[in-house]
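Below is one structure, written out as structure tokens; the observations come after it.
Coordinate-derived values only; no laboratory data. Every value quoted in this text rests on a predicted model; they were computed, and no experiment measured them. Please note: Cβ atoms are built from the backbone with ideal geometry, for glycine as well, and neighbour counts cover all protein chains shown.
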Amino acid sequence: MRSENQTLSQKEIADLGAQTLIELWRLTIEALVDAAGSDEAIDIMKPFMKAHAAAGTPIAMNVWKSIGYQNCTEEELFVRAKDWSDIIFGRTKRKLEITDSGFKGGEILSCPFEKANPTICTILCDQFNNLALKEINPNWRLILTHSLAQGDAFCQWIGKGFNDFIGDKIKTILLQPFRVPQEILDYWRVAWVSELWVIATNAVVSFAGHDGAIKMIEPYIKQNGMSIALSLSKRMGIDENNATGIAAIIDISNNALQQKGKIITNTTQRVEKEISECPFSGGTGEICADLLTISSNGICEAINPDYEFLLTKRMCKGDKTCQWVIKKKMLNSD
């Protein structure tokens, strides 16, 4: 059974949510690369990432204004955008270096994608960075010169087109730490990467259709669910191999992904939960609901393959709430 004192803090829940979504995004992109090839995957993702950059940049500016950065110049916005993405993805880096012709970005010493397919770096750290940068100043460009995923000892960018940006302005900005209240950071870490994952799944659907996308991504997502089950059961001291134990893991995952609701049935053979808030509840979230069902069945399989997870109501299909059931496969009353 789960020990009463084995609970997660709000920061730990946010960390888990961000880590889960980062991994789902990575796996979805890797599935696309495996099916379409690197070059086509980059082309498929570009219009989706361009739309995300256009929509996301003003949202980020509004968030920063809400926490005290009301008068961001272009220069400060650029520096804060880099700080923001490094915080979101949990990267560690050295300070940015000023050069005669521009600057070298601070060396990224660790990144969740450092062992991933290098195409992921191209899509996120080259394609998206430059699309977002154009929203700030169309003359600016970042060039990724080193990549952990390519076997280098660090990741690093060189900035181009920043001639009027170099000097005392940037030095002054860099001396001012970027402070984000923890509750805002916890929310946006999950919200932003949730949107990235929705974009990635929609891109795969555009390539393969809904059913084709499910077939492409399913083995990656199912394995991820099994890994979540083994990790959380050990971390939280959950040793029940019945519906209650499986539900405890999925309930933690729901909280981490900002899916809010309540358990309405709770027995060792059957657990039901109603979800009233979900970041994937829009119509474009249907593919995500299917993939989260696959992940949850991966959790079932890792804990006890006699049980299954069913999503019986979906907000993305017009229901007022989502509702899931964990039950023994032999109980086919649904």
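Could you compute the net charge surrounding G151? Neighbours are other residues with a C-beta less than 14 Å from the C-beta of G151; K and R count +1, D and E count -1. Don't skip to the end; give the middle numbers.
Working: positive: K115; negative: E114, D152.
Its environment carries a net charge of -1.
Maximal additional length on extending the A51-N139 stretch stands at 29.8 nm, based on 0.36 nm per residue less the C-alpha distance.
Multiply the residue gap between Q223 and R179 by 0.36 nm, knock off their C-alpha separation, and tell me the result in nm, one decimal place.
Working: separation 44, 0.36 × 44 = 15.84 nm, distance 3.67 nm.
Separation in residues times 0.36 nm, less the Cα-Cα distance, equals 12.2 nm.
Measure up K46/K160; K50/K134; K273/K313; K260/K313 against 19 Å on the Cα-Cα distance and list the ones that go over.
K46/K160
Take the Cα of T321, step 7 Å toward its Cβ, do the same at T267, and the gap between the two points is 1.9 nm.
If you take the square roots of the eigenvalues of the alpha-carbon gyration tensor of the stretch 210-328 and sort them as a ≥ b ≥ c, do you get rounded (a/c under 1.5), prolate (a/b over b/c) or oblate? Write down the numbers at each step before the final one.
Working: a/c = 1.73, a/b = 1.23, b/c = 1.41.
Cα axes put the stretch 210-328 in the oblate bin.
In the structure shown, the pairs K262/K327; K262/K320; K115/K234 are assessed against 22 Å; a Cα-Cα span above that value is assigned to K115/K234.
Count Lys and Arg as plus one, Asp and Glu as minus one, and take only other residues whose Cβ is under 12 Å from that of I214; the net charge is then -2.
Sorted from fewest to most neighbouring beta carbons within 10 Å, what does the list H52, H210 look like? Show your work: numbers first, answer last.
On the way: H52 19, H210 13.
Going from sparsest to densest Cβ surroundings: H210, H52.
Give me the net charge for the shell around A53: Cβ to Cβ below 9 angstrom, other residues only, Lys and Arg +1, Asp and Glu -1. Local net charge: +1.
Among M226, M330, sorting on how many other beta-carbon atoms sit within 10 Å of each Cβ, with the fewest leading, yields M330, M226.
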